[in-house]
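Q: Supplied in structure tokens, the structure appears directly below.
Quick note: the coordinates plus some simple rules give every number you see, no bench work behind them. All values derive from a computational prediction rather than experimental measurement. Positions of Cβ are generated from backbone atoms using ideal geometry, with glycine treated the same way; all protein chains shown enter the neighbour counts.
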Amino acid sequence: MLKIIVITVVVLLAIILIYAASKPDNFHVERSISIKAPPEKIFALINDLHLWNEWTPYNKDPAMKKTYSGSPSGKGAAYAWEGNKDVGKGEIAITESIPSSRIVFDLHMIEPFEGRNVATFTLNPAGDSTKVIWSLDDKQKLIVKVMGIFMNMDKMIGGDFEAGLTKLKMVAER
């Protein structure tokens, strides 16, 4: 009986690993919102990491330790954080900053899971509004692919992006 259970568990694990390995190597999450504000105003709120406190959905730990380094804003600006299990530990740095149109970040998650991602904000003027697109791209390791079988990563991360964009809209339209 024990032998049958062990064989069944091994077969199930093999099926999960084979299925996970067949998933795409790249991961992309994207959300957008229309904000009634000029791109310059919105760009300033994203390009200065100190201003993220006004709108980011990731301030889930009031005791989170934050450290800013590099440039005050724009390319070279960096931010590191360490907090409870809801926020983990990581760092983000602006690697590209094109005024009023695009900001690219290197996102390094350290805890609870190690990972490197590229996050991008794209601002497109549309009449008296600006369409803001927040995206995240990642090369998925096998462990992330396995997690993706049991958790909807697009929905989880996308939900945070939606909350952040809604707050950014409120701040920018004030």
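Q: What helices does the chain hold that run 15 Å or longer along their axis, going by alpha-carbon atoms, with a Kyte-Doolittle average of -1.0 or more, using DSSP H for the helix calls?
A: Values: long enough: 2-21 (28 Å, 2.92); 153-172 (28 Å, 0.22).
Membrane-span-like by this rule: 2-21, 153-172.
Q: Counting other Cβ atoms within 10 Å, which trypsin sites (Lys or Arg not before Pro) in segment 14-110 have at most 16 and lie in a DSSP loop? Walk me through the numbers on the way to the answer.
A: Details: sites: Arg31, Lys36, Lys41, Lys60, Lys65, Lys66, Lys75, Lys85, Lys89, Arg102; in loops: Lys36, Lys60, Lys75, Lys85.
Passing both the DSSP loop test and the Cβ count: Lys36, Lys60, Lys75, Lys85.
Q: Taking +1 at the Cβ of each Lys and Arg and -1 at the Cβ of each Asp and Glu, which of Ser101, Met156, Ser71 sits farthest along the dipole of segment 46-161 towards its positive end, judged by Cα position relative to the Cα centre?
A: So the residue furthest toward the plus end is Met156.
Q: While we're here: Based on alpha-carbon centroids, what's the gap between segment 147-171 and segment 29-68 in Å, whole number please?
A: Result: 14 Å between the Cα centres.
Q: If the cut-off is 17 Å between C-alpha atoms, which lysines fall inside it for Lys66, apart from same-chain ones fewer than 8 positions away?
A: List returned: Lys85, Lys89.
Q: Still on this structure: In nm, what is the difference between 0.36 nm times the number of residues separating Thr120 and Asp48 and their Cα-Cα distance? Provide the component values of the computation, followed by the final result.
A: On the way: separation 72, 0.36 × 72 = 25.92 nm, distance 1.42 nm.
Residue separation times 0.36 nm, minus the Cα-Cα distance, leaves 24.5 nm.
Q: What is the sum of charges around Arg31, taking Lys and Arg as +1, Asp and Glu as -1, for the other residues whose C-beta is under 14 Å from the C-beta of Arg31?
A: Working: positive: Lys131, Lys155, Lys167, Lys169; negative: Glu30, Asp137, Asp154, Asp160, Glu162.
Combined, the nearby Lys, Arg, Asp and Glu give -1.
Q: Under 20 Å between alpha carbons, and skipping anything fewer than 8 positions from Lys145 in its own chain: which lysines qualify?
A: Lys23, Lys155
Q: Given 0.36 nm per residue, what is the gain on full extension from Ile4 to Met153 after removing their alpha carbon distance, in nm?
A: Details: separation 149, 0.36 × 149 = 53.64 nm, distance 3.37 nm.
50.3 nm is the gain from fully extending Ile4 to Met153.
Q: Work out the length of the dipole vector of segment 2-172 about its Cα centre, built from +1 on the beta-carbon of each Lys and Arg and -1 on the beta-carbon of each Asp and Glu, and round it to the nearest 20 debye.
A: On the way: 20 positive and 19 negative charges, 63 e Å.
The calculated dipole for segment 2-172 is roughly 300 debye.
Q: Near Lys41, which lysines are there with a Cα under 23 Å away, not counting those fewer than 8 places off in the same chain?
A: Hits, sequence-local ones excluded: Lys75, Lys131, Lys167, Lys169.
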